[in-house]
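Single-structure report; data block below.
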Amino acid sequence: MSVTSQTALLKSPSPLIDIGVNLASERFNGKHSEVIDQALAANVTTLIITGTSLESSEAALALCQQFPEQLRCTAGIHPHDASELTAQSPIHLSDLIQQPACVAVGETGLDFNRNFSTPEEQVKAFETQLELAITHQKPLFLHERDAFDRQHQILKSYRDELADAVIHCFTGNQKSLFGYLDLDLYIGITGWVCDERRGTELQALIHNIPHDRLMIETDAPYLLPRNMSPKPKDRSNRPAYLPWVLQKMAQHTGLTELDLAHKTSDNARRFFRLPETCSPNEVIHDPVSDFYRL
Ligand SMILES: [Zn+2]
């Protein structure tokens, strides 16, 4: 059975925006068109490509130029890569952030779970990116693992000057959810919610998230939704599988899949300011039809 026929099973009832796709990952090399076509077939119509280092942010921008109708991206340095920050990095990042296809600063934040960079390096890279987000008034795409207290404290001190921010791939507990909501942040839900072992706490919490703060993402190629059946042979997640996350979110929020699709896409459009964003090629479209396509 081909990958396409396996996954043509689930299609979103309304266009979805996948706010976290690591399309610049080498696991998608040579497959970009196929992955985007498959997403469109599942009614996942806009993908926000995550930049996790200077190199991957540049690659994400290049992909946006290649597929200006479907893609936008973030530009930033992931906490794992924080040790790579140099004196030149803020200048370089600032150039990337100002590109029209770049719709957010990040992925940034703190990850004290793995500490691939030291906590001090992570805090420095995080604060550098908070300042860039403030300078350019672009929203923040945030990561956090086992670092809620420190991340919340830092965010709180910058919050008044920041535009919006989203905690992508939220996997925390009630304390961290309520703490982030108190700062009026958005919450990104991935296939973590589909995990019958690790996702039960999130399943029980998700109804607490205000509907105007919810967004949806795959974090592909990671976090293949475990409710997916049959599963693709390569076990690699793709934006086309986002409707499986939508289905599980509907079960735990009490909203219909159609309602959730509308709300998460409205939120993502507002958050990333998608209607106002022209394609990198500056192709001027009818703003009304652009709004619906995005
Ligand atoms: Zn992340």
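The values are calculated or read from the model by the stated rules, or taken from the named source; none is laboratory data. Source: prediction; values computed, not measured. Positions of Cβ are backbone-derived with ideal geometry, glycine not excepted, and every protein chain shown enters the neighbour counts.
Observations on the model:
- For the range 62-71, the count of residues that are modelled with pLDDT of 95 or more and within 13 Å of the ligand (Cβ to nearest atom) is zero.
- Criterion (closer than 21 Å to P79 by Cα and within 14 Å of the ligand (Cβ to nearest atom)) met by exactly one of G179, G188: G188
- Test: residue in the range 109-125 that is within 13 Å of the ligand (Cβ to nearest atom), free of Cβ contacts under 8 Å to residues at least 40 places away in the same chain and crowded, with 16+ Cβ neighbours inside 10 Å: yes
- Hey, T218 in contact (Cβ under 8 Å) with a residue 60 or more places away in the chain and either in a loop (DSSP other than H, G, I, E, B) or aromatic (F, W, Y) (or both) or not: yes
- Residues (surrounded by 19 or more Cβ atoms within 10 Å (Cβ to Cβ) and either in a loop (DSSP other than H, G, I, E, B) or hydroxyl-bearing (S, T, Y) (or both)) located in the range 172-200: G172, S176, Y180, L185, Y186, T190, D195, G199
- Scanning the range 153-168 for residues that are touching a residue at least 60 places away in the same chain (Cβ under 8 Å) and surrounded by 24 or more Cβ atoms within 10 Å (Cβ to Cβ) returns V166, H168.
- Flag if A87 is surrounded by fewer than 21 Cβ atoms within 10 Å (Cβ to Cβ), over 18 Å from the mean Cα position of the chain (by Cα) and of a type in the set (G, A, S): yes
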